[in-house]
1. Whether any residue in segment 270-284 is modelled with pLDDT under 95 and more than 21 Å from the chain's Cα centre (by Cα) is what I want to check.
2. Please pick out the residue among His76, His98 that is of a type outside the set (Lys, Arg) and open to solvent by 50 Å² or more (accessible area, probe 1.4 Å).
3. Considering only segment 1-23, state which residues are touching a His at 6+ places or on another chain (Cβ under 9 Å) and under 21 Å from Val34 (Cβ atoms).
4. Under 6 Å between Cβ atoms, which residue pairs at least 6 apart in sequence (or on different chains) link something in segment 52-78 that is within 11 Å of Gln15 (Cβ to Cβ) with a partner that is part of a strand (DSSP E or B)?
5. Select from segment 115-129 the residues that are in contact with a Leu (Cβ under 7 Å, 6 or more places away or on another chain) and not in a loop (DSSP other than H, G, I, E, B) and write down the one among them that is least open to solvent (accessible area, probe 1.4 Å).
6. If I filter segment 159-196 down to residues being in contact with a strand residue (DSSP E or B) (Cβ under 9 Å, 6 or more places away or on another chain) and of a type in the set (Val, Ile, Thr), which single residue comes out as nearest to Glu129 (Cα to Cα)?
Amino acid sequence: MTARRISIGIKTSPQAVDWPTLDAAWGRIGEHDVFDSAWMNDHLTDVSRERHGPSLEALTTMAALVHRVPGKWVGHAMLSATFRHPAVLAKAATVLDHATSGRFIVGLGAGWHEGEHQPFGIPLPPMPERFDRFESAVHVLRVLWSDAASAPPGVTRPDPFYPLADATNEPPTLTPGGPPLWLGGQKRRGIALAAAVADGWAAPTVVALGVPANLDYFSEKREAILAALEAIGRDPSSFEISAQVATGTTSEDRRSALDQARDAAKRGATHIILGMPPALGAVGVDAVAREVAVPLRETLG
């Protein structure tokens, strides 16, 4: 049996960075063949702070940058389901699916950072209601990307949060069934939902510089996902399980990140996402490519 190829991505958040620096960073990502994918998160403020701080809106930022990384997969890890009505998200994802020739991944989580909800009047319900809404949003995405929604009369779906009545998604997605959908749930219901309806799962990111990825936690959740897939008869070989590793700001940080990334691969990650502080710009991308991604690819083959 041929071993599954492990993908390598790079992630630059849209927080605490000016547009020319971020634009240049993504332009440089497009020049490095070692990166299979490019990523960002989704926050309305600087998530490293309790409140406030500069952050570019993630969907429009992605749309403005995809031309910089032609031929690569792009995605968010993760979009917050609380920020956008799922029908609007379904339409936005359709645009990006077309703009990337079918290489856009929709990463979606339930939302968590109170400091970017309360100031803007965006509801952040307590659990389990927040997960109930998240689950409904996931099903809305799936049904709006279905063949039935591609033309009138469309789809009807009773739902306590996001009901649809003769709803269509015109034009439909370029990718049959819609873009790949990765979910970020970590507890029992989240794991079960990902196994049932998603194409992949993304481990939580790291927001503090110098804090290593918790790969023991990654292994624990990976085993839970594999068990959930087996329980419903899904083939795990078609399911992506990604690990995120922070690369920091120094050569020492990047050496540590390379060790963590190799460890993540040994633990079964199918996609390794290397997080880089965006303010490092194009020079930082070169350093991550040279000191982490290239030696990692040499290890992985």
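The values are calculated or read from the model by the stated rules, or taken from the named source; none is laboratory data. None of these values were measured; they are calculated from a predicted model. No Cβ is skipped: glycine too gets one built from the backbone with ideal geometry, and neighbour counts run over all protein chains shown. For the accessible areas, the whole protein counts, side chains as well, though only heavy atoms, and no ligand, DNA or RNA atoms are used. Shrake-Rupley method; radii C 1.70, N 1.55, O 1.52, S 1.80 Å.
1. The answer is no; no qualifying residue exists.
2. After applying the criteria, what remains is His98.
3. Within segment 1-23, Ile6, Ser7, Ile8, Gly9, Ile10, Ser13 meet the criteria.
4. If the second residue must be part of a strand (DSSP E or B), the pairs left are Ser55/Gln15; Ala58/Met40; Ala58/His76.
5. Among those residues, the one meeting the criterion is Glu116.
6. Across segment 159-196, the extreme among qualifying residues is Ile191.
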